[in-house]
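Read through the structure below, which is laid out as structure tokens, and then see the notes.
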Amino acid sequence: MEPQFQSSFIPKGPAGAGLPAYAGGTPKQRNLLGVIGGAAFTISVLLAVGAFGYQFYLKYTIAQMETQLEEGTKNLDESSIQEITNLDSRIISASELINNHLILSPLFRALEENTLRSVRLTKFNFTKSDMGLVVNMDGEASSYAALALQADNFKSIPMFKNPTFSDLQLDDKGNVKFTFRAGVDSTGLSYQTDISNLVAPTASTTVDTFASTTPSIDNIETPQ
């Protein structure tokens, strides 16, 4: 008769015997992780509170500014606002008038400084055309040589554009009669520029051959 063996499934040792024990870390490591987690949570809370507080501060500041603006508007009545507006318009208009105002004194000074003693101007006409400002003058020179020198002087005046001499004629006394025409740069006639030059005058030289007094102009015509 064969021997009979009985098997039993009841463990003979404690459960988990023979398995490696799980290492959960040392107490110092667990404390460090706890401190880091707590610090991160605290920082998050502080940032949230700071953002909320800053948003509240901005809203409060905007509300205060709106209140001040409303109070300032109430203090200004409509008549005061209209008066300030009218004053501003008058100041702007006056500034535009000054900037656009033209005067002839710079032109007369240029003629005085650049007209020879041997040349006499007899007629002056200043007009505004589609081509801009134009000056026309009649005159007489003591000789053709004097007229040639006068032409060089007038060409040296910066405000003159395309100066020309025409209608040259000899009179019974040997004088050379002529007609002069030139465009005029409006910048040179600006009232504002002229005042600035008078306030800060620049040094200039005087040539002996130029007239020391205003040239004689018998007939002056200017635009009405």
Residue by residue through region 111-121, which ³J(HN,Hα) values in whole Hz follow from phi under the Karplus form 6.51 cos²θ - 1.76 cosθ + 1.60 (θ = phi - 60°), with glycine and proline marked x? 5, 5, 7, 10, 9, 6, 5, 8, 10, 10, 8
Hey, fewest Cβ within 10 Å first, where do GLU78, GLU113, GLU96 land in order? GLU78, GLU96, GLU113
Distance in nm between label sites at ALA151 and ASN99, each 7 Å beyond Cα in the beta-carbon direction? 4.1
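Bear in mind these aren't lab numbers, they're just calculated from the coordinates by the rules spelled out. Only a predicted model underlies this, so the values are computations on that prediction, with no experimental measurement involved. A quick note on method: Cβ atoms are made from the backbone with ideal geometry, for glycine too, and the neighbour counts reach across all protein chains shown.
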